[in-house]
Amino acid sequence: MSISSKLGVAVLGASLLLVGCSGDDGKAGATGATGATGATGATGSTGSTGAPGQDATDTSIALTVLGSFASGLFDESSAEIVGYAPSLKYAYVVNAAQKTIDIIDVASPTAFEVDQIDTPVKTLAVTDDVEALLDLAAGSLGEANSIAVSNETLAVVIQGSSKQDTGYVAFYTTDGTFLNKAFRTGSLPDMIEFTPDGTMAVIANEGEPNGDYSVDPEGSITLVDMTAGAANLSATDVFQLRFDAFNAGGTKTLGEGVRVSAKASSVAADLEPEYVTISGDSSYAYVSLQENNAIAVVDLAEREITAVHSLGMIDHSIPGNELDASNRDGAVNIRNWPIFGTPMPDTIASYEYNDVTYLLTANEGDGREYLTDAADAAACTAAGGFEFDDGDCFHYLDEIRIRDIDAAAFDGDLLARLPADFQENEQLGRLKVITNLGTTGDCASLAVSGQPSAADCTYESLHSYGSRSFSIYNTDTWERVYDSGSDFERITANRLGVDRFNSTNDENDSGDSRSDDKGPEPEALEVGVINGKTYAFIGAERVGGIFVYDITNPESAEFVQYLNNRDFSVADVEAAVQAGQKGLDLGPESIKFVPASDSPTSEPMLIVGNEVSGTTTFYGITVTGPAN
């Protein structure tokens with residue numbers, strides 16, 4: 001065999017050997033050098049022009065008065081709670097004075113500029129409707145207290161002939177047609193609200209005691225399942241939630257710091273639901289318990305009151321939390337004092353930020369004052385009262401002026417923090433404080449009359465009613481993340497001057513008259529979203545006016561505007577109101593925000609019910625910029 005043949009056999013054998021051992025290749029060699037870049041390709045055709053970008057300029061808002069609907073009724077609660085139906089452009093106003101709901105056509109809100117008494121397009125005699133439906137005796141029901149609108153349904157809550165009686169909720173279409181649907185609530189239904197998805201109505205039943213405190217019904221919460229529609233409701237859709245699980249020995253515990261009256265027969269009897277707001281996902285209701293300085297949380301899916309949280313205190317000794325504590329100092333005197341403010345909100349609202357529900361509170365404050373009529377002091381004593389004052393027989397009163405507390409009842413450490421003359425009228429003497437907060441000792445006298453005795457009661461701290469501010473709380477943690485502090489008093493003092501600062505709401509010549517009580521007294525509260533920003537609108541019940549804050553970020557709220565539609569130059573406000581004079585709003589009680597998409601003006605709008613002047617006022621909201 002030739003050498004070449006031998007080599008071929010050898011090569012073939014090697015090849016066959018490699019085939020038989022597949023997968024046993026050698027390691028890959030090193031990567032070679034990168035080749036040269038190829039030539040650039042031809043440029044493609046130009047794409048179409050994109051949509052214009054948005055202007056990055058920041059925006060804010062400004063309120064202006066469009067007009068006011070005048071009832072002509074002075075200080076008779078003829079314009080309390082307000083509602084709105086977008087489809088009809090109707091506003092609804094609770095007229096407690098006449099036990100009715102007034103319906104106002106607001107297709108042209110500027111039509112109410114002229115000084116005159118205005119006429120509703122329709123008036124709903126709600127008490128008559130319910131008494132006739134349920135075959136109740138005439139006069140069995142009292143006044144309407146609150147309304148709510150959802151889609152084409154209007155709901156109204158009505159108290160009994162006495163506040164301790166069972167109340168009712170009635171349902172109408174938004175055009176005012178009674179649906180012949182009315183159901184029992186708890187005692188003194190004070191507020192109703194629909195969930196955002198319209199599937200449930202939530203009612204706060206206050207359960208307030210009678211004048212001599214001999215009857216104290218339990219506060220409660222009524223739920224109405226609306227999934228079948230208002231026209232198809234039956235008694236099986238109505239659920240009553242009680243607080244009895246929070247009583248002594250019950251299965252639930254009150255949050256630390258929840259205030260309970262010294263005279264209370266039980267926790268459930270003492271808790272007084274006042275106002276309702278609901279989370280954006282319709283899962284939870286938050287209910288203010290004003291006198292208790294607390295919030296009840298309701299799991300709507302489980303139909304259960306899950307918790308009661310205290311709202312804590314505002315320390316008026318901290319810079320930023322100043323107040324004017326005297327109506328006898330002849331000046332605006334906003335300063336720090338070593339006392340605490342007790343928020344005790346009536347109206348509350350809520351909104352969502354970063355997947356957390358935040359609660360807003362208008363920190364009004366409210367005392368417990370129960371009295372009956374008596375001819376004289378002897379008759380008052382015989383009826384069980386402890387004090388007679390010009391026809392009023394007091395059975396229980398949990399407020400006292402600091403000057404009227406026995407000097408021996410002040411703890412030494414508290415005295416060390418106070419000036420020597422703190423009980424003088426020009427100092428803290430006129431300020432009203434809560435008798436059963438900040439005390440040590442058995443304070444047995446508080447459970448009888450609400451008034452302290454130095455023999456058994458010592459004050460380690462002093463707590464006034466309300467905090468003259470609004471607050472924002474994180475409902476996951478119940479931390480207060482913002483408080484407006486002394487803003488309301490500082491702003492009104494600068495804007496209105498000493499002669500109008502802290503005025504009352506039923507006369508104009510009353511500057512500084514409310515400093516010893518609750519100052520501006522924040523009452524009405526509403527939240528609205530405009531151009532992606534969230535705003536709070538807060539009404540001051542006494543001095544009047546609307547405060548506007550940008551609360552988009554709850555921890556850094558910013559003041560935007562204060563507008564007061566009150567003519568302080570009018571000498572006789574009662575006569576002016578009865579003549580239908582506009583621009584004299586007194587006692588803002590409620591606010592309804594109308595987004596631009598639902599507004600008759602195509603711009604956002606506020607509807608404000610003014611309890612004392614009996615006016616319903618419409619504010620236009622204009623977007624402006626820049627914000628600062």
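The values are calculated or read from the model by the stated rules, or taken from the named source; none is laboratory data. A quick note: this is a predicted structure, and the numbers were derived from the prediction, not measured. Cβ sites come from the backbone with ideal geometry, for glycine too, and all protein chains shown count toward neighbours. These accessible areas exclude ligands, DNA and RNA; they are computed on the full protein's heavy atoms, side chains included. Shrake-Rupley method; radii C 1.70, N 1.55, O 1.52, S 1.80 Å.
Potential lengthening of the chain between residue 117 and residue 456 amounts to 116.4 nm, from the contour at 0.36 nm per residue minus the alpha-carbon distance. Extension gain for residue 596-residue 59 works out to 191.7 nm (0.36 nm per residue, less the C-alpha to C-alpha distance).
As an exercise, use a Förster radius of 56 Å and the Cβ-Cβ distance of residue 416 and residue 622 to find the FRET efficiency, rounded to the nearest 0.05. Please report the intermediate quantities before stating the final value.
On the way: r = 53 Å, r/R0 = 0.94.
With R0 = 56 Å, the Cβ-Cβ based efficiency is 0.60.
Computed on protein heavy atoms with a 1.4 Å probe, the accessible areas place 218, 369 in the order 369, 218, largest first. Note on the range 529-628: with neighbouring protein chains present and a 1.4 Å probe, carbon and sulfur make up 42 percent of its accessible heavy-atom surface.
Computed from Cα positions, the angle between helix 487-496 and the longest principal axis of the chain comes to roughly 60 degrees. Expressed as a whole percent, the accessible surface of the range 237-347 that belongs to carbon and sulfur atoms is 46, based on a 1.4 Å probe. Using the Cβ-Cβ distance between residue 317 and residue 212 with R0 set to 60 Å, the FRET efficiency works out to roughly 0.95. Label reach from residue 567 (point 7 Å along Cα→C-beta): in the range 108-131, amide nitrogens under 14 Å belong to 113-117. The calculated FRET efficiency for residue 235 paired with residue 352, based on their beta-carbon distance and R0 = 41 Å, is about 0.75. In a DSSP loop and with at most 13 other Cβ atoms within 10 Å, there are no chymotrypsin sites (Phe, Trp or Tyr not before Pro) in the range 94-172.
Scaled against 2.2 N^0.38 Å for its residue count N, the alpha carbon radius of gyration of the range 96-164 is 1.33. Here's the picture: a label point sits 7 Å out from the Cα of residue 328 along the beta-carbon direction, and within the range 401-445 the residues with their amide nitrogen under 13 Å of it are 401-405, 422-432. Given contacts defined as C-alpha pairs under 8 Å and at least six residues apart, what's the relative contact order of the range 487-628, whole-number percent? Worked out over the range 487-628, it gives 17 percent. The distance between label points at residue 440 and residue 135 comes to 6.3 nm (points 7 Å beyond Cα on the Cα→Cβ vector). Relative to the longest principal axis of the Cα atoms of the chain, the long axis of helix 3-20 lies at roughly 20 degrees.
Considering only Cα-Cα distances, which of the following residue pairs are longer than 20 Å: 99/181; 518/582; 99/122; 99/163; 533/592; 432/518? From 99/181; 518/582; 99/122; 99/163; 533/592; 432/518, over 20 Å: 518/582. Within the assembled protein chains, the solvent-accessible surface assigned to residue 495 is about 130 Å², based on a 1.4 Å probe.
The value of relative contact order for the chain, using C-alpha pairs under 8 Å at least six residues apart, is 14 percent. Taking GluC sites (Glu not before Pro) across the range 244-328, the ones in a DSSP loop with at most 16 further Cβ atoms lying within 10 angstrom of their Cβ are 256, 302. Residues in the chain average 41 Å² of solvent-accessible surface per residue, probe 1.4 Å, ligands and nucleic acids excluded.
Kindly give Rg over Rh for the chain, based on alpha-carbon atoms, with the Kirkwood expression for the hydrodynamic radius.
1.21
Fully extending the segment from residue 256 to residue 575, taken as 0.36 nm per residue of separation minus the present Cα-Cα distance, adds 109.9 nm.
Extending 7 Å from the Cα toward the beta-carbon at both residue 369 and residue 248 defines two label points whose distance is 3.1 nm. Working from label points 7 Å from Cα in the Cα-to-Cβ sense, the residue 107 to residue 479 distance is 5.2 nm. When peptides 578-589, 476-487 are sorted by average Cβ neighbour count within 10 Å, with the highest value leading, the order is 578-589, 476-487. Loop-located chymotrypsin sites (Phe, Trp or Tyr not before Pro) in the range 329-359 (DSSP state other than H, G, I, E, B) with a sparse environment of at most 14 neighbouring Cβ atoms within 10 Å are absent.
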